[in-house]
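Asker: Quick one: this structure, given as structure tokens, is what I'll be asking you about.
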Amino acid sequence: MIRGMYNAASGMYAQQHQIDVTSNNIANVNTAGFKKDRAEFQDLMYQRLNFTGGSTSENTRNPTGIDVGLGVRISGIQKSFEEGDLQTTGNTFDIAIEGRGFFKVTMPDGETAYTRNGGFKVNSEGTIINGNGYPLDPEITVPDNLIDVNIANNGIITATDPTTGEEQELGQITLADFVNPAGLKPIGESLFQSTTASGNPIEANPTEDQFGGLRQGMIEMSNVKLVTEMVDLITAQRAYEANSKAIQTTDKLLTIANQLKTS
């Protein structure tokens with residue numbers, strides 16, 4: 001019976017992780033470029049009370065053993081990089097990736113980070129930056145004397161000189177992709193960093209190879225489906241309650257056993 005308490009306690013602990021993951025998804029339902037998480041679980045080791053195929057007599061063996069499970073544990077949290085809905089904003093420097101790929105930005109420490117959040121702006125010097133002020137990599141500057149900035153599907157940025165009417169090319173947006181995007185390390189601010197699990201970044205221009213194209217004036221929203229998350233939340237809550245009931249039932253059985261006495 002003591003084993004039942006520990007098993008149920010591990011179940012409550014696991015479901016608490018599920019609720020934590022689900023609540024974080026719900027909290028970021030409107031976060032541009034956010035990718036939802038999925039908690040994954042594994043059963044723990046088993047206590048073998050009788051081996052499968054053990055002898056029951058000189059000539060017979062039991063067809064099944066007696067293996068008692070010892071609970072559950074969380075084995076990982078998997079990121080889903082399914083594409084989110086594209087929302088039209090009309091802002092010149094809002095860029096969405098339609099397909100595979102990540103934007104590259106340079107962090108203050110010089111490290112490169114990767115993001116699907118294409119809500120870019122320009123700073124006082126005309127450099128294209130994200131919401132935290134990190135410049136796009138490679139760095140692209142838009143002179144203040146040019147108008148009608150256009151970002152093509154293949155990532156080439158052009159603008160028009162109002163005095164001459166000539167179109168000038170300002171730079172090329174490049175994208176990065178990974179063999180295993182789920183292995184990227186989330187660091188907050190809708191940013192990721194590469195790891196040994198993700199593999200080295202594969203870089204190319206938009207629309208080339210496996211990379212998607214760019215859509216100016218649009219932004220990719222979170223890929224969280226609120227209805228699915230609410231169902232997961234209710235399921236986790238019921239599982240948590242069931243495990244707590246198992247602890248209460250085990251406690252009652254132990255109380256009955258402690259109260260046994262001979263007449």
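Asker: Residue by residue through the stretch 190-203, which ³J(HN,Hα) values in whole Hz follow from phi under the Karplus form 6.51 cos²θ - 1.76 cosθ + 1.60 (θ = phi - 60°), with glycine and proline marked x?
Answerer: Result, ordered by residue: 6, 10, 10, 10, 6, 9, 5, 6, 6, x, 6, x, 9, 10 Hz.
Asker: Which entries of K35/K104; K225/K245; K79/K245 show an alpha-carbon separation above 20 angstrom in the structure shown?
Answerer: Long pairs (Cα-Cα over 20 Å): K225/K245; K79/K245.
Asker: Something else about it: Taking θ as phi - 60°, what are the ³J(HN,Hα) couplings along the stretch 84-101 by the Karplus curve (6.51, -1.76, 1.60), each to the nearest whole Hz, with x for Gly and Pro?
Answerer: Karplus-based 3J(HN,Hα) across the stretch 84-101 equals x, 5, 8, 10, 6, 10, x, 6, 4, 9, 7, 10, 10, 9, 9, x, 7, x Hz.
Asker: Now, a different point. Quick one: in the stretch 35-163, what % of C-alpha pairs are over 23 Å apart?
Answerer: 58 percent
Asker: Going Cα to Cα from K185, which aspartates and glutamates come in below 15 Å? Please leave out same-chain ones fewer than 8 positions away.
Answerer: D37, E111, D177
Asker: Roughly speaking, what is the centre-to-centre gap between the stretch 206-259 and the stretch 92-168 when only Cα atoms are used, to the nearest Å?
Answerer: 37 Å
Asker: What is the Å³ per residue value for the convex hull set by the Cα atoms of the chain?
Answerer: 181 Å³
Asker: Taking 1 over the mean of 1/r across every pair of different Cα atoms in the stretch 163-263, what Kirkwood radius in Å do you get?
Answerer: 20.2 Å
Asker: Near the amide H of N223, under 5 Å away, which other amide H atoms are found, from residues 5 or more places off or on another chain, if H is placed in the peptide plane?
Answerer: So N223 has HN proximity to F34, K36.
Asker: Please report the orientation-averaged projected area of the stretch 86-220, defined via the convex hull of its C-alpha atoms, in nm².
Answerer: One quarter of the hull surface, i.e. the mean projection, equals 8.1 nm².
Asker: Can you give the helix-only mean residue ellipticity at 222 nm for the chain, where every DSSP H stretch with n ≥ 4 adds -39500 (n - 2.57) and the sum goes over all residues, rounded to the nearest 500 deg cm²/dmol?
Answerer: -8000 deg cm²/dmol
Asker: Another question, if that's okay. In Å and whole numbers, how far do the C-alpha atoms of the stretch 207-263 stretch along each principal axis, longest first?
Answerer: Extents along the principal axes, in whole Å: 85, 24, 10.
Asker: Quick query: amide H of T89 versus all other amide H atoms, modeled in the peptide plane; which residues come in under 5 Å with a sequence gap of 5 or more or a different chain?
Answerer: The answer is M218, I219.
Asker: Here is a further query. Starting at the first residue of the stretch 36-45, write each ³J(HN,Hα) from the Karplus equation 6.51 cos²θ - 1.76 cosθ + 1.60 with θ = phi - 60°, in whole Hz, x for Gly and Pro.
Answerer: 5, 9, 9, 6, 10, 10, 9, 6, 7, 4
Asker: Can you sort M5, M45, M221, M230 so the residue with the fewest Cβ neighbours within 10 Å comes first?
Answerer: M45, M230, M5, M221
Asker: Kindly put T31, T88, T250 in sequence by how many other C-beta atoms sit within 10 Å of each C-beta, fewest to most.
Answerer: Result, fewest neighbours first: T88, T31, T250.
Asker: Something else now. Based on the alpha-carbon gyration tensor of the stretch 175-222, what equivalent-ellipsoid semi-axes (square roots of 5 times the eigenvalues) come out, in whole Å, largest first?
Answerer: Here the semi-axes work out to 20, 16, 7 Å.
Since every read-out is calculated from the coordinates, none of them should be taken as a lab result. Every value quoted in this text rests on a predicted model; they were computed, and no experiment measured them. All Cβ positions, glycine included, derive from the backbone under ideal geometry; neighbour counts span all protein chains shown.
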